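Please read the structure below before turning to the comments.
Nothing in this text is a laboratory measurement; each read-out follows from the coordinates by a stated rule. Since this is a predicted model, take the numbers as computed values, not measurements. Glycine also receives a Cβ, built like all others from the backbone with ideal geometry; neighbour counts cover every protein chain displayed.
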């Protein structure tokens, strides 16, 4: 009898405990998340550990369609939501637009849609998506535009909510909208795919008419959609999207495969860099573009850094000489570096073509001058090893940093009309840290720390980065690279864990630009011809929605971050960046987009994984109204220069050796 009473007492105590914990009949709790699902009278809500409403599933509305919902725990802070749609009894076959709405119980104080919108793009210029509605109607974005299918993120005072979806049949597809109001925020998924009420197709080309695919339901047919909710308490404002990004990465992850080996990439990259040598100017050209008659011709547009990367290219030639004793490589490398040194800061010039043509001072050209510091320091070492010492290179690197320190404002930013745009001045941070490494002069270190504090404050305040490139004043991924590299190096120098924290926060921002799905290539397109894999590639900017390989700049700092934090996610993301960067590199025989053979080692600057096109070169597309699968036809030098720099690093070379290689089968020839 005593044992029975004791068991009853224990049972009662457990029941009371569950009630105080908020776990009532009809509820379930994702393991370790602090959130629970409550279902009462077909109403599905999510409550936090205090019993407060986090959000609710809005029922399917409409006269013709009914839906059944299943919401269940799927992991830490992760829930799986399935909705099965069917026509109501007596309804005939008909065209349908199916919705899944999750209403977050918070006013949205910060929001993000990967690759498209950062808090409504309030600081963007040009023809981009502003806000979350157009003339009162919510923007809807196709799954292949959002980088993660159907992904939306909102942040309230206490909780963050992320949503993404399984695509299912790509022919049906899906779209998403984010709809903030005074007290709630709706995360919407739409089936089939649409982009309404307007869409951006061509940069600087205005808004195009919206479009919607067709989905029909037959009597008795069931259409099932699977989506994923990611919930988490707010830890640090404007940074909680990392939980959405990580959940999607785990869900869609596939082991990256490269298309070319490191030895092939080295040989092809050297070949293409040398093909862009301009012997008259003693510099490397920016790209090759079509002449309109099927031939590829070099374009000059010289830069020391940024997209022409003359410093990287020249040092790659010195490295090639040390490897092969090819005198031609040595001559090119030294001639290029000597030419830039002759135009360096403080020297008179009669050229007026613009800040990317020559060094015109910090305020005009901080992007290229900061890169020049690193490359002149590297060149100082390499030239000495080649038996051609150049003390001037070291002096120039330090002189540029001296001007930066002299022009730095008391708050840490750098002066000048270009440097005042967004975080373009952050480009000086890695340069200053190289100067500190070279000289051990603490004024460079202090300047870098001060700049880091200023530009990180901008990042924390806005929740995004913008304005580090010379041609685009928009929210982008390029702005993160100097800050990410700077944070990692500052941690190495100071051992202060705050810099490691900043590095991870910046790495998550960069991850929001990484495509986390395999988007099927359009049959017959250029991307189809080269078997392009989108998983792990990165988009460019909110005003430039296409994939490029510029995130090669993140490979080295991400690998260091993986080692310092023990988080293998950063290694996975770095490997994926490298692998996708190896796709679409011509062996000298490739013929695509109606052009003659592409030069050996050449590669498109951008690829259109979504409905986007940036007219460069001839601007021909597979389909002018729906240019998915086409490319820029702009064969730039910078991917080759960046790859050669990475391949000169023994640790990164060892990493690349671990990535499987799957060459393209047979010759590549693609027509319209």
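When the alpha-carbon atoms of the chain are used, the pair Rg, Dmax equals 27.0, 104 angstrom. Over all projection directions, the Cα-based convex hull of segment 385-466 averages an area of 6.3 nm².
Panel order for 100, 438, by other beta carbons found within 10 Å of each beta carbon, from fewest to most: 438, 100.
The separation of segment 209-247 from segment 446-479, counted between C-alpha centres, amounts to 30 Å.
For segment 28-252, the orientation-averaged shadow of the C-alpha convex hull comes to 12.8 nm² (one quarter of the hull surface).
With viscosity set to 0.692 mPa s at 37 °C, what whole-number translational diffusion coefficient in µm²/s follows for segment 488-633 from Stokes-Einstein and a Kirkwood radius over Cα pairs? Here the translational diffusion coefficient equals 199 µm²/s. Based on Cα contacts under 8 Å between residues 6+ apart, the chain shows a relative contact order of 13 percent. Ordered by the count of other Cβ atoms within 10 Å of each Cβ, fewest first, 642, 545 give 642, 545. Calculated over segment 360-505, the projected area of the Cα convex hull averaged across directions stands at 8.7 nm².
Helix content alone sets the calculated 222 nm mean residue ellipticity of the chain: runs of n ≥ 4 DSSP H residues at -39500 (n - 2.57) each, divided across all residues, give -11000 deg cm²/dmol. Computed over segment 52-114, the percent of Cα pairs more than 18 Å apart is 53. Entry for segment 43-164 at q = 0.12, 0.19 Å⁻¹: log10 I(q)/I(0) = -0.58, -1.23, Debye formula applied to identical alpha-carbon scatterers, no solvent contribution.
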